[in-house]
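The values are calculated or read from the model by the stated rules, or taken from the named source; none is laboratory data. Small disclaimer: the values here were computed from a predicted structure and weren't measured. Here the Cβ is made from the backbone with ideal geometry for all residues, glycine too, and neighbour counts use every protein chain on show. Note: accessible area is taken over every heavy atom of the protein model, side chains too, but ligands, DNA and RNA are not part of it. Shrake-Rupley method; radii C 1.70, N 1.55, O 1.52, S 1.80 Å.
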Amino acid sequence: MIAATYIARYLREIGIKHVLGYDGSMMLKIADEISLIEGIDFIQGFHEQASSFAADAYARVSGVPGVVLVTSGPGAINALAGIADAYMDSVPLVVITGQDYSNHVLENPGVRLNGFQDLDVVSIVKPITKYAVQIMDVNRLAYELEKCFHIAMDGRKGPTLIDIPIDVQFREIPKCMEHFCRKDIGKLDISSVIHNIDHIISLLANAKKPVILAGGGIRLANAEDELRELAVLTNIPVVTTLNGHDAYEGAIGSSGLNGSPEANLTIFHSDLLLVLGARLGQQQVGKKVCEYTRARVIHVDIDPMELGRILTEEISICMDIKKFLQLINDKLSRESKQEYSDWWEKIDRWGETYEEELFVNKEGIDPVRFVRRVCEMCEENTIFTNDVGQNTMWVCQGLLLRRTQRLLTSSGYASMGFSVPAAIGAKIASPSRMVVSFSGDGGFHMNLQELQFVKLHQLNIKFIVFNNNTLGLMREVQRLYYNDNHVGSNINEFTCADLKRVADLYDLQYLCISDPSEIENITAILSSPQAGIIDCRLSLNTCLHNWNKFKQEYPEELEPFILGMKDEDAFI
């Protein structure tokens, strides 16, 4: 058996059903071997970046590592965006890159190019992977494959990469190869955790305004049920991060830069903050950390590097979120539940007072109201994807997720062009579920070519494009801080393509709406078995919030929200 055959069979044996990628001369042998095995398919995309984004979404939906197969040089470099996204958002991804002939790679290491596309991809990706290795010795194949898949899923999940020269792919493997065996890293000291849990329960019992902040780690640990049980047992309000937006039905909202006033006010005024699987980066806490919360902080995360990094923490616990929640829920089941009636009443009042401030357009279609209506129209297990820019905020603030609805977003890396291929990856992972992609007109253009994939495979995906015919977020920042100098975002430098003609080109249904009275018309496309584009026309200067109104009408109560989360340096 040659190495390429072994790779294909190994992938199938561990349960990988789809390998996403793009053909290239240095990976064709592996793709060829995959095609010969029943139960596993190579999925040819139209750009390596899109394939890597699709694999990222595939992993989030399926729970198994996304696998990407691309060629050397430009193929590997094009996949970097998906690798970086998986690294930032802790998504398990295994990238296999073909490489030029091994003698071209090994000879004259100081020379820029020896053969054809023989780029040192391992050195390039090391800062954005958990592990990256190049295989020159076929005897190491089994060990390195097993190690890459183990590391991608172990602890805080993330991407790994294995680089294989084309001649090594054709070499015969030995009958006996070394296999990877996880080293004993020591057992968790449960006694110290139990002591901390007892302390946490005591703090909860004495808190008047506690809050649970649920991050992306909840989904990554498959701990949604345990979080729900904790909320029921304690009656504590739940606020989410952007990555944790779909972790808990009934959350107060998302906090942070993309969040709502009531969610940020809840965090700020709390006296005890239980942070579960959240990295507490600048997008979450703002540039003025002191304005984020007045609470005593308890932080639980699987990555020790995230603990105590931003906030002063009274208790820091490094462990799997699911295991932590199981332990504390078991203890809490024998405790009495608090009511926190005054606290809930205050939160509800904030929600009623500031809900209207989420809506940004008084004339024409308001994007936040529109997103809410779309969410209501969609099935209870719909997967939503969204892009980066103004639409990130509108979707985050508008989506009131129900049941098993999901939201997949490029949170940490924040890459435009994510939503369209992510929707494809989600649909491949779960063909029976409804998939809806939100994009701005800028991000939609970036991987427009993948609509040909949708056409070829007849994927029923709904693409909603917020079309304000500009780069809206950049235009807003330029209006606020650059004297209306709209370089790159004026009509002479950026416009949206004719989406009707785009839809016709790719055999998609098309609907244009520009008035609130037309929103109900989208039901026809949402309920259709055919893919379609909904062209949601917005005014050129549609913004995120009317901050001047906030500052004029609510100077005291919203001060932490404005200064801590939305200060004038937020985009600088």
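Here the chain is treated with +1 on each Lys and Arg Cβ and -1 on each Asp and Glu Cβ, and its dipole about the Cα centre works out to around 640 debye. Evaluate the relative contact order of the chain (contact order divided by residue number), counting alpha-carbon pairs under 8 angstrom at least 6 apart; express in whole percent. Here the relative contact order equals 12 percent.
If you take the alpha carbon radius of gyration of region 205-334 and divide it by 2.2 N^0.38 Å, what ratio comes out, to two decimals?
Working: Rg = 13.1 Å, N = 130, 2.2 N^0.38 = 14.0 Å.
My calculation over the Cα atoms of region 205-334 gives 0.94.
I'd like the carbon and sulfur percentage of the solvent accessible area for the chain, probe radius 1.4 Å, heavy atoms only, ligands and nucleic acids excluded.
49 percent
Taking every alpha-carbon pair in region 312-406 and binning the separations at 10 Å intervals from zero gives 12, 24, 30, 27, 6, 0 percent. Taken along the Cα-to-beta-carbon direction at a fixed 7 Å, the label points for residue 402 and residue 190 span 4.1 nm.
Kindly identify region 249-307 as rounded, prolate or oblate by the Cα gyration tensor criterion: order the square roots of the eigenvalues as a ≥ b ≥ c, call it rounded if a/c is under 1.5, otherwise compare a/b with b/c, prolate if a/b is larger, else oblate. Walk me through the numbers on the way to the answer.
Numbers: a/c = 1.41, a/b = 1.32, b/c = 1.07.
The shape class here is rounded.
Shape class for region 49-186: oblate, because the ratio a/c of the largest to smallest gyration tensor axis (alpha-carbon atoms, square roots of eigenvalues) is 1.5 or more and b/c is at least a/b. If each Cα of region 177-261 is one equal point scatterer, what is log10 of I(q)/I(0) from the Debye formula at q = 0.18, 0.19 Å⁻¹? Log10 of I(q)/I(0), two decimals: -0.89, -0.95.
Working from the Cα coordinates of the chain, the gyration tensor eigenvalues give, after taking √(5λ), semi-axes of 40, 32, 21 Å in decreasing order.
Can you figure out the FRET efficiency of residue 515 with residue 456, using R₀ = 25 Å and their beta-carbon distance, to the nearest 0.05?
0.15
If I take R0 = 22 Å and measure r between the Cβ atoms of residue 170 and residue 9 in this structure, what FRET efficiency does the formula 1/(1 + (r/R0)^6) give, to the nearest 0.05? Walk me through the intermediate numbers first.
Details: r = 16 Å, r/R0 = 0.71.
E between residue 170 and residue 9, to the nearest 0.05, is 0.90.
Tell me, what is the percent relative contact order of region 411-516, built from C-alpha pairs under 8 Å that lie six or more residues apart? So the answer I get is 22 percent. Candidates 315, 293, 277 compared by Cα position along the dipole of region 275-379: farthest toward the positive end lies 315, with charges placed on Cβ.
Compute the Cα gyration tensor for region 408-493, then decide on rounded, prolate or oblate, letting a ≥ b ≥ c be the square roots of its eigenvalues: rounded whenever a/c is under 1.5, prolate when a/b is larger than b/c in the other cases, and oblate in all that remain. Note, shape of region 408-493 comes out prolate. Given R0 = 22 Å, the distance between the Cβ atoms of residue 523 and residue 500 translates into a calculated FRET efficiency of 0.70. Of all DSSP-defined beta bridges confined to the chain, some 0% are antiparallel rather than parallel. With the Kirkwood sum run over all distinct C-alpha pairs, region 211-269 has a hydrodynamic radius of 11.2 Å. Heavy-atom accessible surface of the chain, averaged per residue, reaches 42 Å², computed with a 1.4 Å probe. Full extension of the chain between residue 287 and residue 114 gives 57.6 nm of extra length, using 0.36 nm per residue less the Cα-Cα distance. May I ask you to derive the relative contact order of region 1-152, considering only C-alpha pairs under 8 Å and at least 6 residues apart, and to give it as an integer percent? Answer for region 1-152 is 21 percent.
Based on the convex hull around the alpha carbon atoms, region 1-90 presents an average projected area of 5.6 nm². In a DSSP loop and with at most 15 other Cβ atoms within 10 Å, the GluC sites (Glu not before Pro) in region 27-79 are 38. Ranked from largest, the principal axis spans of the Cα set of region 302-367 equal 50, 34, 23 Å.
Checking every one of the trypsin sites (Lys or Arg not before Pro) in region 178-276 against DSSP loop status and a limit of 12 other Cβ atoms within 10 Å picks out 182, 183, 187, 208.
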